[in-house]
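Reading through the structure tokens given below for one structure.
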Amino acid sequence: MTFGRVRLVATSIRHTKPRQLVARTRLQLKRRAHRWTHGLRAAMSSANGCQLTVTGAPPSAIFAPRSHLVSRVDHTTVLLLANLKWTLSTPMDWHPAALAVGTRLEKLHLHYMEYLEAVGDAQFEAIVMDWIRGNPPYREEYWLDNWNSYALSIRVTVWMQQYARRRDTLSAATRAAMETSIAAQLRFLERNLERDIGGNHLLKNVKALLWASRFFLGGQASAWQRLGDRLLAEELDEQILPDGFHFERSPSYHAQAFADLLECRALVGHADTRVRLDHVLRQMAHIVADTAHPDGHPSLFNDGGLHMTYSPAELLRAYASLSGEAVGARGSFAFKDAGYFGIRDGQDLVIADCGRVGPDHLPAHAHGDILSFEWSVGGHRVVVDAGVSEYNPGKWRRYARSTRAHNTVTVGDQDQCEFWKAFRVGRRANVTLHHYSDVDGLTLDGSHDGFTHLDAAPVHRRQLKATAGRVEVRDIVTGGAGQPVVSRLLLHPGLQVRRCAQGIEIVNRSVQVTLATSHPISIDQAWWCPDFNVRIPTIQVSLQYGDAPCEGGFHLHHHGSQHPERFAQA
């Protein structure tokens, strides 16, 4: 291992909590032991799985079936696995080599089995029975996909929900096999909770335990209730920031966590935890509404996607159904703990990021987007976040996380944080919020020290002012030793650009925006990745500010905005 890699590992581990390291060590030891005791473990798991009884009224799903995950093409059933099309047949190859690459995201989706919500009863029975036969526990590398605790948590919850929905149409043999397998999977989960990762993974584990506590009867179900209640209380304190944002600071993962907690609401046994959860859900609902763009989809800061989880509208309908409270988007918002600030006027929305990239002990979904922003005008996205197309380590993962892919400044073409592998972060930037106001629009002033490892320790400070149809930005880089400073704007693929006297015009049939600046502009090809396995070519505008230390700026003006005379020229 090279010195550079040793330093990266050491820097990453330094931020990891001791309990995460202990949990990971235990899991690694278990996995090694299971290689030698595979047959015994599998037999014990199978034998123990037949001792639970399903309640007469198991809980039902609160969300509608995800019918979009399955389609019929020429009499063939096609699955959508993280937007990758995959043919479904039985018997199924549950371990195709084509999906056993990188982080195995698509293979994990195959084993999540969320697509079961969209198939008929006969096909449902065939698929479930085929999975049970083809996926005994503790096979080689079981923790990577079919018996991965995250995948298991999603799958077993889907099975319990679908069992409740289809109970009267399933054969007695299928019901018995499902009950046995669900119990075995839950016992496995209880022994293999993802305490080493935590975050949204552990929330999925908790939801599965709580669901099982109301699905089964008896002492084991009561034990899962107590464990789920205790873990949920701990994770609400750990994962939900004081402003209500999920601590991984991804609007998409926030929406996913919100969905999981909504499903937990009716299952919580402890009264104090239920009261705390109600408060959290109300905060989270407002965040979902505020950070949704006028197109109805979430912001793409950090990892996530437009269709990664239920839509904001679906989430808010579920919340309204559970709470009796209808939540809508507000004219301005400031989530200071997460670092997101925004202003909305009808179909115009600006969201700016002035916060840390994620929790220090879990930066897996972090991107180099400090002081970046997204902008929709007239209901259309104009300045977009790059998104993410895959989690496999490589050029696309590096692109998605890089600072140069975001609407902010690079110094010496470096990243704000030290991203490595698929989910690792070495050096992390500290962020300072100098000023925020929502009087007469959005005013934001912030800085970060993510470039101070470079010669003469440059610091980037951005002052942003926004109101209906207008964004004005001033960038200041203090320190530095002649490193080139570039500010970038990634545009939605549906837009074209043309040069004009003030800078460039950004247009389509519905949008006409002027980007005015005194700095040299280059127009480059880039990529917008709004969902997994989706990469759309688009345009990135680069403004050359000069060499550090230096200043620069620009303003964006939508010609459909009202009262343009209120704004000074940049």
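The values are calculated or read from the model by the stated rules, or taken from the named source; none is laboratory data. As the structure is a computational prediction, the values presented were derived from the model and not from experiment. Cβ atoms come from the backbone with ideal geometry, glycine included; neighbour counts cover every protein chain shown.
Collect the residues in region 67-84 that are of a type outside the set (S, T, N, Q) and modelled with pLDDT under 95, keeping them in residue-number order.
R72, V73, D74, H75
Could you tell me which of the residues R249, R265 is of a type in the set (K, R) and either over 25 Å from V357 (Cβ atoms) or in the same structural domain as R397 (by TED's automatic domain parsing) (or both)?
It is R265.
Yes/no matrix, rows are residues, columns are (1) among the basic types (K, R); (2) in contact with a strand residue (DSSP E or B) (Cβ under 8 Å, 6 or more places away or on another chain); (3) surrounded by fewer than 21 Cβ atoms within 10 Å (Cβ to Cβ):
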| position | (1), (2), (3) |
| --- | --- |
| A183 | no, yes, no |
| R187 | yes, no, yes |
| R195 | yes, no, yes |
| G199 | no, no, no |
| L202 | no, no, no |
| A212 | no, no, no |
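Restricting to region 469-490, name every residue that is among the small types (G, A, S) and surrounded by fewer than 21 Cβ atoms within 10 Å (Cβ to Cβ).
G479, A481, G482
Give region 515-537 a look and list any residue that's free of Cβ contacts under 8 Å to residues at least 60 places away in the same chain and under 29 Å from G305 (Cβ atoms), or say none.
L515, S522, I523, D524, Q525, I536, P537
Which of the residues belonging to region 218-236 are surrounded by 13 or more Cβ atoms within 10 Å (Cβ to Cβ), in contact with a Leu (Cβ under 8 Å, 6 or more places away or on another chain) and not charged (D, E, K, R)?
Passing the criteria: Q220, A221, W224, Q225, L227, G228, L231, L232, L236.
Among (1) part of a loop (DSSP other than H, G, I, E, B); (2) out of contact with any Ser or Thr (no Cβ under 9 Å at 6 or more places or on another chain); (3) buried (at least 19 other Cβ atoms within 10 Å of the Cβ), which single condition is A151 missing?
(1)
Of all residues in region 431-446, how many are crowded, with 16+ Cβ neighbours inside 10 Å and without any contact (Cβ under 8 Å) to a residue 40 or more places away in the chain?
2
Provide a single number: the residues in region 382-430 that are touching a residue at least 60 places away in the same chain (Cβ under 8 Å), crowded, with 24+ Cβ neighbours inside 10 Å and part of a helix (DSSP H, G or I).
Residues that pass the stated criteria total 2.
Is there any pair linking a residue in region 366-381 that is of a type in the set (K, R) to one that is modelled with pLDDT of 95 or more, with Cβ under 8 Å and at least six apart or on different chains, and which?
Here the result reads R381/H293; R381/D295; R381/E374; R381/W375; R381/H492, each pair linking region 366-381 to a residue that is modelled with pLDDT of 95 or more.
Among the residues of region 320-332, is there at least one that is small (G, A, S), in contact with a strand residue (DSSP E or B) (Cβ under 9 Å, 6 or more places away or on another chain) and either modelled with pLDDT under 95 or surrounded by 20 or more Cβ atoms within 10 Å (Cβ to Cβ) (or both)?
The answer is no, given that none of the residues of region 320-332 is small (G, A, S), in contact with a strand residue (DSSP E or B) (Cβ under 9 Å, 6 or more places away or on another chain) and either modelled with pLDDT under 95 or surrounded by 20 or more Cβ atoms within 10 Å (Cβ to Cβ) (or both).
Of the residues that make up region 478-490, is at least one closer than 25 Å to D438 by Cα, within 31 Å of the chain's Cα centre (by Cα), among the polar types (S, T, N, Q) and in the same structural domain as F451 (by TED's automatic domain parsing)?
yes
Hey, T87 hits all of (1) modelled with pLDDT of 95 or more; (2) over 22 Å from the mean Cα position of the chain (by Cα); (3) closer than 25 Å to D260 by Cβ but one; which does it fall short on?
Among (1) modelled with pLDDT of 95 or more; (2) over 22 Å from the mean Cα position of the chain (by Cα); (3) closer than 25 Å to D260 by Cβ, T87 violates only (3).
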